[in-house]
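No lab work stands behind these numbers, since they all come straight from the coordinates. Being a predicted model, the structure only gives us computed values, none of them experimental. Here the Cβ positions follow ideal geometry from the backbone for every residue, glycine too, while neighbour counts run over all protein chains shown.
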Ligand SMILES: Cc1ncc(COP(=O)(O)O)c(C=O)c1O
């Protein structure tokens, strides 16, 4: 396995892929949305329970590659308890991270666990995999109940 | 490595020599020698094809069917020579039956728009199969929606074989059209198109065959099949992209209205009335892909010189080896195990998503396809969101398969 691949598929990613966190449905969610990548068939549902501007619970279902599944898993783990404003900032930062626009090491470090997706920037075709759950989250929070697509 | 004993049996094809004809094959990808196993998506081009295209632009680029000057004459001759090569390759009756288009998708769309719109009415039935490529589903769905015709689907079993009894049950006097794939791009299944045609003709339905995955692998004789329309894409037959062929029975093509209007498809135009050109020009409005058609002609020459039967045998031997090697890998399952199948190995690896398989193989220099392969109903049948697919071309060798097997093993172990 070469270095770039190890960077892409870090142990944490492999682990979240095998044992995804918050992989369930929320009954009666305050927000939810469905995301789809027609290119590879990745399919994700994001459910949220938001009250007073705070994400009290967040979960996901669906199927996809290791990158998209672990991205969804880590996203839900990171966002639980965050305010909607904080979530919005992380959405922007994550996008900059995986597209290689976020280069400031300090800023990257601040992203904590999310920073392990940095390796994705060397695999342009996989950026959509990592960002699909986030786009779906964004659609859910902005009340787009129709399916979002990466295409 | 192979069952063939090199001392007693002369190899059908000298693969080392053949590989020299394909410049793309000789490069490194991510520091590894390229192993190209995505031939069902598109094939690489031999030097003779690349040269023919380049020669057209360097030496006699000009428009066809219109100039009296030397270059135009030469371009027209070469373009029409390509048509003749296609005619012979498919054993068509006449060059009038060979229409150059952009590819298989455009051929289906032409037939749908012309034959379909004039002959298929509300309540009529169109039959396709469960293993069709989207390009042989969506146009018929559009026609059904617009006309009120009904789309019926021949189901398949879990090996990826069409259920012929079910097909017979679907046929009735309302069946006006049957369109089926000759060889499946996802499952490799080779369908009994001659039998399908015979049965469809008994109820008076016309038959179209999608040959996009057939003509590059085995001998196709449209008169023997007996079908009414046959389509293929140049780029999957070692020719360029942007050119393909619709073959149709002359009497049907004559009766069909044109699809696109424009230059070349007319005899005379006044504001009151246009008289259409004869076949095949009636269906070739506008300046066609001249270099593409010429390139395709040279691709056919290349394949013919090697012998399509030799290619078939080489690919069959290699496929057997691939199947055996890949299935030895822990966690690998084959999707598509029809008794009669070609050189396509679609598979899943337990616990590993195809997209990840594709990335890992790419880093090893191996090109395969991952995804739904434009056959989402097939994905649905097998209950998978996507598949990985290795598909063989005439230049693949046993080392290619060994490399791919090694990389697939790595991917399976990495995620386990
Ligand atoms: C079986 C089959 N039919 C149709 C097509 C469409 O061919 P094209 O994209 O060249 O029009 C393909 C190509 O992927 C195919 O494999």
Across bins of 10 angstrom width beginning at 0, how are the C-alpha pair distances of the range A:3-146 distributed, in whole percent? 12, 46, 35, 7, 0
After finding the eigenvalues of the alpha carbon gyration tensor for the range B:221-345, what semi-axes result from the square roots of 5 times each, listed largest first in whole Å? 41, 16, 14
Under 11 Å from the 7 Å Cα→Cβ point of residue A:24, by amide nitrogen: which residues of the range A:58-98? A:58-60
Label-point separation, residue A:56 to residue B:320 (7 Å along Cα→Cβ), nm: 6.6
Please find the FRET efficiency linking residue A:3 to residue B:254, where r is the Cβ-Cβ separation and R0 is fixed at 51 Å, and quote it to the nearest 0.05. 0.20
Listed residues B:12, B:101, B:143, most fluctuating in chain B (Gaussian network, C-alpha, under 10 Å): B:12
Multiply the residue gap between residue B:54 and residue B:146 by 0.36 nm, knock off their C-alpha separation, and tell me the result in nm, one decimal place. 28.8 nm
Ignoring everything except DSSP H segments at least 4 long, calculate the 222 nm mean residue ellipticity for chain A; use -39,500 (n - 2.57) per segment, divide by total residues, nearest 500. -12500 deg cm²/dmol
With viscosity set to 1.306 mPa s and temperature to 10 °C, compute the Stokes-Einstein D of chain B, Rh being the Kirkwood radius across alpha carbon pairs; µm²/s, no decimals. 71
What angle do you read, to the nearest 10 degrees and between 0 and 90, between the alpha-carbon axis of helix A:66-79 and the longest principal axis of chain A? 50
How tilted is helix B:398-415 with respect to the longest principal axis of chain B? Cα atoms for both, answer in degrees (0 to 90, nearest 10). 70
Which log10 I(q)/I(0) values does the protein assembly as shown give at q = 0.09, 0.11 Å⁻¹ under the Debye formula, counting every alpha carbon as one identical point scatterer? -0.79, -1.09
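What ranking of A:115, B:343 emerges when the number of other C-beta atoms within 10 Å of each C-beta is taken as an exposure proxy, fewest first? Walk me through the numbers before you get to the answer.
Numbers: A:115 17, B:343 29.
Ordered from fewest to most neighbouring Cβ atoms within 10 Å, A:115, B:343 come out as A:115, B:343.
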Starting with the fewest neighbours, write out B:142, B:131 ranked by other beta-carbon atoms found within 10 Å of each beta-carbon. B:142, B:131
Based on other C-beta atoms within 10 Å, arrange B:298, B:30 from fewest to most. B:30, B:298
Given only helices, namely DSSP H runs of n ≥ 4 each adding -39500 (n - 2.57), what is the per-residue ellipticity at 222 nm of chain B, to the nearest 500 deg cm²/dmol? -11000 deg cm²/dmol
Out of A:72, A:51, A:140, any idea which swings most in a Gaussian network model of chain A, alpha carbons joined below 10 Å? A:51
